[in-house]
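**Student:** Okay, handing you the structure first.
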Amino acid sequence: MMHKYNKLWVGLVMGILVPLITLFIYYKINYSFLHLQTFLFKMFVSNIFTPLLSLSVVVNLGLFFIFINKNFYYAARGVIFSTIIYAIIVFALKLGLE
């Protein structure tokens, strides 16, 4: 029987949202005195945004293992796909910033 959360789109959405939430938590803990736009602008200007985005995607590893342990293989595929999307974005940003 297939569980209702064992869908590709569930893993894809979770894999996209969890790193963004992680990045937002980092902002709230360390830079809450700045507006979000100012924080993002300073990260882009100082070339810290792409490494920070890359580190926030590491959280997908834990999400992937949770889905694998629950035997939600389709959701795990979605997490892998979203991680590939983030890798393409980081690669494009790296090429554009250098």
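Here, each number is a calculation from the coordinates, and none is a lab measurement. Note that the coordinates shown come from a computational prediction; the quantities given were computed from them, not determined experimentally.
**Student:** Report, in deg cm²/dmol and to the nearest 500, the calculated mean residue ellipticity at 222 nm for the chain, where each DSSP H run with n ≥ 4 adds -39500 (n - 2.57) and the sum is divided by the residue count.
**Tutor:** -26000 deg cm²/dmol
**Student:** Let me ask something additional. What length, rounded to one decimal in nm, is gained on full extension from residue 68 through to residue 8, with 0.36 nm per residue of separation minus their alpha-carbon distance?
**Tutor:** Numbers: separation 60, 0.36 × 60 = 21.60 nm, distance 1.30 nm.
The residue 68-residue 8 span can extend by a further 20.3 nm.
**Student:** On to the next question. State, as an integer percentage, the relative contact order of the chain based on alpha-carbon contacts under 8 Å between residues 6 or more apart.
**Tutor:** 49
**Student:** Sum up the lysine pairs in the chain that clear both bars: alpha-carbon distance under 28 Å and a spacing of 8 or more or different chains.
**Tutor:** Lysine pairs meeting the criterion: 5.
**Student:** I need the helices of the chain that pass two filters: whole DSSP H segments spanning 24 Å or more by Cα along the axis, and mean Kyte-Doolittle score no lower than -1.0.
**Tutor:** 8-30, 73-97
**Student:** On a full-extension model of 0.36 nm per residue, what is the gain between residue 17 and residue 89, subtracting their alpha-carbon distance, rounded to one decimal in nm? The partial results should precede the final answer.
**Tutor:** Details: separation 72, 0.36 × 72 = 25.92 nm, distance 1.47 nm.
Going from the current span to full extension adds 24.5 nm.
**Student:** Averaging over all projection directions, find the projected area of the Cα convex hull of region 58-98 and quote it in nm² with one decimal place.
**Tutor:** Computed as one quarter of the Cα hull surface, the answer is 2.7 nm².
**Student:** State, in angstrom, two size descriptors of the chain derived from its alpha carbons: Rg to one decimal place and Dmax to the nearest whole number.
**Tutor:** Answer for the chain, Rg first and Dmax second: 15.2, 50 Å.
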